[in-house]
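The structure appears below as structure tokens.
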Amino acid sequence: MSYVEEILEKVVAANPNEPEFHQAVKEVLESLKLVVDANEELYRKNGILERLVEPERIISFRVPWVDDNGNVQVNKGYRVQFNNAIGAYKGGLRFHPSVNQSILKFLGFEQVLKNSLTGLPMGGGKGGSNFDPKGKSDREVMAFCQSFMNELYKHIGKDTDVPAGDIGVGAREVGYLFGQYKRLTTLFEGVLTGKGIPFGGSLARKEATGYGLVYILDDMLKANNKELAGKTVIVTGSGNVAIYAIEKAQQLGAKVVALCDSNGYVYDENGIQLDIVKDIKEVKRQRISEYANRVSSAKYTQGKGIWNIKCDIYLPCATQNELDLDGVKALVANGCFAVAEGANMPTTLEATKYLQENGVLFMPGKASNAGGVSVSGLEQSQNAMRLSWTFEEVDEKLKGIMNDIFTKVDDAAKRYGQEGNYVAGANIAGFEKVANAMISQGIV
Ligand SMILES: NC(=O)C1=CN([C@@H]2O[C@H](COP(=O)(O)OP(=O)(O)OC[C@H]3O[C@@H](n4cnc5c(N)ncnc54)[C@H](OP(=O)(O)O)[C@@H]3O)[C@@H](O)[C@H]2O)C=CC1
Ligand SMILES: O=C(O)CCC(=O)C(=O)O
């Protein structure tokens, strides 16, 4: 049995009931097989794979808070500190009813390799809670965030672990979390990223994941003699990543015709009007169905099936495993030629395989959504230097980082005879740096 197969078996046996974690590890390790086989003695001697798949620490805790009716509510809170070989733990917090240890471990594992690809000194971590901010009042969200931080503050710091946002955690939540951290510690420091601009946030962090996705999509298209301008695009989700992916795609001349939330999807043949989406989602916190009430050319459909709309390029920006085999079969049948993941692991393993076998250009999330954490890294730098860069400066650096990630991913795939397989390229390039750092630092 190969080293990779041995570890895969152990991960499944040692982590029962963690399907998302198994899926993420399987995708990565299978595409690392060539690299691992070529260096098997060194990696075995240093226990690299055994250590790579085991989080350094998982903190799990009770989060009690009082709702607007005076009732006590209790949620689960977690922080998974996965690997700090190349920098302090870094990664978002997710507040969503589906959150469990398996999901946070898959996200933390992916984050280690993603952060390595950015070229910035950041380790990987992830955290969150099964708390659902949807439908809660601002006071309830604040009470929850303060209680969450009452435990989390003991484990984080600007040089140990720096959380940020993810699903259900935006500027409002990061603000409440930062306020409570400051109150508990008396430290005003860059302990969280995605902060409000008046208190240490970076310009362009809000836009970074979506913009970065479209920058690397553009690089991938150009490298394959295609272009974005004039193409029809579907973006899934209608949250932070989706909104700014749509904005950049439109700026670069694409026509975005559809988006969704977890209830259903909107098709607007005239092209999505983003100012209306921003008002619905960022200001009023309403459902995306509201778009069809406000725009006469739009049609709302309840449930799944957004992939049945004809498009050239599909950008999944909602959540894990949203795009399955049925979805990609519909995309391919309608002539879609590129998929770039804005979300983390939105495409199932079999759907990814189908896309690759059918010649669809495919960029995996750990490369294509790395713009968010990259600008988080730049926010940390600005906080450490006690200065702020302009929007244009940050955006220019973001573009440079995404170009650099594309080159690394493309080169790594070519080095191992896998030209055009950006899944293999991203996993290899991310892994090599982390593995080398782990070997240099000894068995820790
Ligand atoms: N924010 C960031 O900087 C980064 C985010 N990511 C990843 O991007 C993805 C989106 O995150 P973000 O935009 O920040 O989160 P948000 O909470 O801002 O938005 C999430 C969006 O996805 C939708 N959604 C969630 N679950 C489903 C589902 N099962 N089917 C259809 N739509 C769904 C939500 O709809 P509804 O309102 O109905 O729940 C919402 O529109 C996640 O995978 C996240 O991990 C990756 C890198 C950085
Ligand atoms: O900005 C960050 O630190 C993390 C963003 C994130 O959660 C992710 O890349 O998935």
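The values are calculated or read from the model by the stated rules, or taken from the named source; none is laboratory data. It should be emphasised that the depicted structure is a prediction, and the values quoted were computed from it without experimental measurement. All Cβ positions, even for glycine, are placed from backbone atoms using ideal geometry, and neighbour counts span all protein chains on display. In case anyone asks, the SASA skips ligands and DNA or RNA and just uses the protein heavy atoms, side chains included. Shrake-Rupley method; radii C 1.70, N 1.55, O 1.52, S 1.80 Å.
In table form, for the structure just shown:
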quantity	calculated
Calculated from backbone phi, Karplus (6.51, -1.76, 1.60) coupling profile of the stretch 365-378 in Hz, x at Gly/Pro	x, 5, 9, 7, 9, 6, x, x, 5, 5, 6, 4, x, 5
Under the Karplus curve 6.51 cos²θ - 1.76 cosθ + 1.60, θ = phi - 60°, whole-Hz ³J(HN,Hα) for the stretch 213-228, x wherever Gly or Pro sits	4, 6, 4, 6, 4, 4, 4, 5, 5, 4, 5, 10, 6, 10, 9, 7
Cubic angstrom per residue, convex hull over Cα atoms of the chain	138
Among the listed pairs 255/299; 195/248; 226/248; 114/310; 278/304; 281/353, those beyond 24 Å (Cα-Cα)	114/310; 281/353
Stretchable slack from residue 188 to residue 33, in nm (0.36 nm times residue separation minus alpha-carbon distance)	51.3 nm
Residues with amide H under 5 Å from that of residue 57, placed H, sequence gap 5 or more	81
Amide H within-cut-off set for residue 343, under 5 Å, with H built and near neighbours excluded	317, 318
Euclidean distance between Cα centres, the stretch 364-392 to the stretch 97-121, Å	17
Bridge type composition, the chain - antiparallel percent by DSSP, nearest 5	60
Residue 384-residue 279 pseudo-label distance in nm [points 7 Å out on the Cα-to-Cβ vector]	4.3
Highest to lowest packing among 296-306, 208-218, 172-182, scored as the average C-beta count within 10 Å	208-218, 172-182, 296-306
Sequence-separation-based contact order of the chain, relative, with Cα cut under 8 Å and 6+ spacing, percent	15
Probe 1.4 Å, protein heavy atoms only - accessible area per residue of the chain in square angstrom	39
Solvent-accessible area, 1.4 Å probe, carbon plus sulfur percent, for the stretch 207-357	45
Qualifying aspartates and glutamates (Cα of each under 14 Å from Cα of residue 45; at least 8 residues distant if same chain)	37
Reach of residue 284 by Cα under 13 Å, taken over aspartates and glutamates that are not fewer than 8 positions away in the same chain	138, 275
Around residue 412: net Lys/Arg minus Asp/Glu count, Cβ-Cβ under 12 Å	0
J(HN,Hα) series, the stretch 5-20, from Karplus relation 6.51 cos²θ - 1.76 cosθ + 1.60, nearest Hz, glycine and proline x	4, 4, 5, 4, 4, 5, 4, 5, 5, 7, 10, x, 6, 10, x, 5
Among the listed pairs 126/222; 134/206; 158/182, those beyond 23 Å (Cα-Cα)	126/222
